[in-house]
Amino acid sequence: MTDTEVLVVGGGSTGCGIARDLALRGVDVTLVEQGNLTHGTTGRMHGLLHSGGRYAVADPASARECIEENQVLRDIAAHCVEMTGGLFVQMPEDSDEYFERKLSACRDCGIPAEVISGREAREREPYLTEEVERAIAVPDGAVDPFRLCVANAADAERHGGRVETHAEVTDVLVDDEAVVGVEVRHASGPGKRDHATPGTTERITAEYVVNATGAWAGQLADMAGVDVAVRPSKGAMVVMNCRQVDTVVNRCKPKGDADIVVPHETTAILGTTDEEVEDPAEYPEEEWEVDLLIDELAKLVPVLRDSRTVRSFWGVRPLYEPPGRGTTDSTDITRDFFLLDHADRDGLDNFASIVGGKFTTYRMMAETVTDHVCDELGVQARCRTADEPLPGSEDFDVLRNYMDEFGLRSPVGRRSVQRLGSQADDVLDTDGPNPVLCDCEAVTRAELRDAIDDAGTDLNATRIRTRASMGNCQGGFCSHRMAAELHPEHDEPAARDALDDLFEERWKGERHALWGEQLSQAALNYALHATTMNRDRDPANGGGVDFAAFDAGGKDGD
């Protein structure tokens, strides 16, 4: 007798999508994730919902998958998606021949594509440089990866699945040339839900195990004694202080560094770079990458030169090159996904890995994996994830009317309903006062309380559910308010530790942008944190955050 029928390792978009698909088909599923949901690649992306235009020339198969799933996600995840549209803009030095190839390839892949003049492009996006000559308009969009993953995990739980975060796999259990489960260590400290005892080790047995760990797939496979040659590729991104554009802006040239600006919620995200690394968790985060993004993309959107950055971050793509292709350059590796059945491939039963792919095609990837697992288990059930809306996206068109009908024309009300979707009525229906606790993102007490009910004392889990602390102040003015909401259910030491964990996570992204006004803002955030509840985290005084970066100088000698 096993603990679960299927064990999914990895709580990113693909893992959560697999867990949801299996649960909807009536399969008993458990998902384990070493950190919070979206801990890895999913939580470190630029938020682009691909039309497929970026891949149309070099990887048409991936482009076709993207436009197909783009249309699906608009329907099933409407409260996570903003259809901004996208532009591939041509500068004077960009090739006419490549522009025409891009246009033709988009149309060949079934991607709606329209040529507009430079003047029309600037009418859509006034901050575009006057040098833009023309552009191709495509149906790109923006998607909130945090909201989408949480919704998938919640639906999996609603249909009987088990989701365990902060549960690191320490061993893959193999018996008689078959994987029979994993051993996990449940993290100790604040923020862990009551599904398992913090600080303990658990053996979870399963009839089938799915490796959906993305860039970590090679490491998990190694625990099982098989080889999966993932080629992790890091990419830097920079979050700006506001939306300098409302449309996704791509440079119309062969894929390279610093060629896209994505409007995302209240910000714009600049991306990206592409550099292979050995370890998906340990790699250099270099200042030149941040400088490159700002300098290059300011050529497209000049106002970026004088705009304030909020944070910078790096993600790692789980690139996979099938044996025999011999590609040496990571930029040439296909963005397609691959299901590796280790029974056929390595003689190891009850184990499969899903590698490669993109966030936009997560649902398609999950369907492919779930079809395979159900075949292995003899389960006869069709996939429903392309048709059934995620929690929050049911009757979303009705909700747009609801915002006006019930007096939610205010920015706060609209932001709340955009985040909560069809769950807004239940969450916002409160007898007491419902003040705004995160001013930057207009997050109310009711939203925070609802997230805390789900996440426990883990304020970073609350953050990804609400966006509280993800705005301009990066938690400087709201993190203590979030911690205060843990009372009275949780004691003061738990609230203090949760506050420190939240602030440390926010600090990771701020420390790369320390010059001029950026430095002043970061110093203010530190001062606010150090003086609120006397939480001075100077390592010399026994704290855990190294703020020596304040003494490391600024940019270009400032």
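The values are calculated or read from the model by the stated rules, or taken from the named source; none is laboratory data. Values in this document were obtained by computation on a predicted structure and should not be read as measured data. Because the Cβ atoms are built from the backbone with ideal geometry, glycine has one as well, and the counts that use them run over all protein chains shown.
Residue selection: Ala58 satisfies the criterion of being within 23 Å of Leu270 (Cβ to Cβ), aliphatic (A, V, I, L, M) and at pLDDT below 95.
From the list Val6, Val115, the lone residue that is more than 29 Å from Lys299 (Cβ to Cβ), aliphatic (A, V, I, L, M), modelled with pLDDT of 95 or more and in contact with a Leu (Cβ under 7 Å, 6 or more places away or on another chain) is Val6.
In segment 239-265, the qualifying residues are those that are more than 19 Å from the chain's Cα centre (by Cα) and among the β-branched types (Val, Ile, Thr), and the one that is nearest to Glu275 (Cα to Cα) is Val249.
Got a number for residues in segment 1-19 being outside any loop (DSSP other than H, G, I, E, B) and out of contact with any Lys or Arg (no Cβ under 6 Å at 6 or more places or on another chain)? The total comes to 12. For segment 469-496, residues that are touching a residue at least 60 places away in the same chain (Cβ under 8 Å) and over 22 Å from the mean Cα position of the chain (by Cα) total 1. Screening Arg445, Arg419 for residues that are in contact (Cβ under 8 Å) with a residue 60 or more places away in the chain and of a type in the set (D, E, K, R) leaves exactly one candidate, Arg419. Close Cβ contacts (under 6 Å, 6 or more residues apart or on different chains) running from residues in segment 3-17 that are under 12 Å from Val163 (Cβ atoms) to residues that are small (Gly, Ala, Ser) and in a loop (DSSP other than H, G, I, E, B) comprise Val8/Ala212; Gly10/Ala212; Gly15/Ala212.
Conditions tested, residue by residue: (1) surrounded by fewer than 24 Cβ atoms within 10 Å (Cβ to Cβ); (2) in a loop (DSSP other than H, G, I, E, B); (3) touching a Cys at 6+ places or on another chain (Cβ under 9 Å); (4) among the aromatic types (Phe, Trp, Tyr).
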site: Asp21; (1), (2), (3), (4): no, no, yes, no
site: Leu31; (1), (2), (3), (4): no, no, yes, no
site: Thr38; (1), (2), (3), (4): no, yes, yes, no
site: Val57; (1), (2), (3), (4): yes, yes, yes, no
site: Glu65; (1), (2), (3), (4): no, no, no, no
site: Glu68; (1), (2), (3), (4): yes, no, no, no
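Note on segment 123-141: among residues that are aliphatic (A, V, I, L, M) and closer than 20 Å to Leu304 by Cβ, the one that is farthest from the chain's Cα centre (by Cα) is Val132. Selection of segment 146-185 for residues being among the polar types (S, T, N, Q) and in contact with a Gly (Cβ under 8 Å, 6 or more places away or on another chain) yields Asn152, Thr165.
Looking across segment 71-114, the residues that are of a type in the set (A, V, I, L, M, F, W, C) and surrounded by fewer than 18 Cβ atoms within 10 Å (Cβ to Cβ) come down to Val72, Met83, Met91. Out of the residues in segment 109-146 meeting the condition of being hydroxyl-bearing (Ser, Thr, Tyr) and part of a loop (DSSP other than H, G, I, E, B), tell me which one is farthest from Gln71 (Cα to Cα). This residue is Thr129. Restrict the check to segment 85-108 and report whether at least one residue is modelled with pLDDT of 95 or more, more than 30 Å from Glu202 (Cβ to Cβ), among the small types (Gly, Ala, Ser) and part of a strand (DSSP E or B). Looking for residues that are modelled with pLDDT of 95 or more, more than 30 Å from Glu202 (Cβ to Cβ), among the small types (Gly, Ala, Ser) and part of a strand (DSSP E or B), one finds at least one in segment 85-108, hence yes.
Among the residues of segment 165-190, write down those that are aliphatic (A, V, I, L, M) and either at pLDDT 95 or above or over 29 Å from the mean Cα position of the chain (by Cα) (or both). The answer is Ala167, Val169, Val172, Leu173, Val174, Ala178, Val179, Val180, Val182, Val184.
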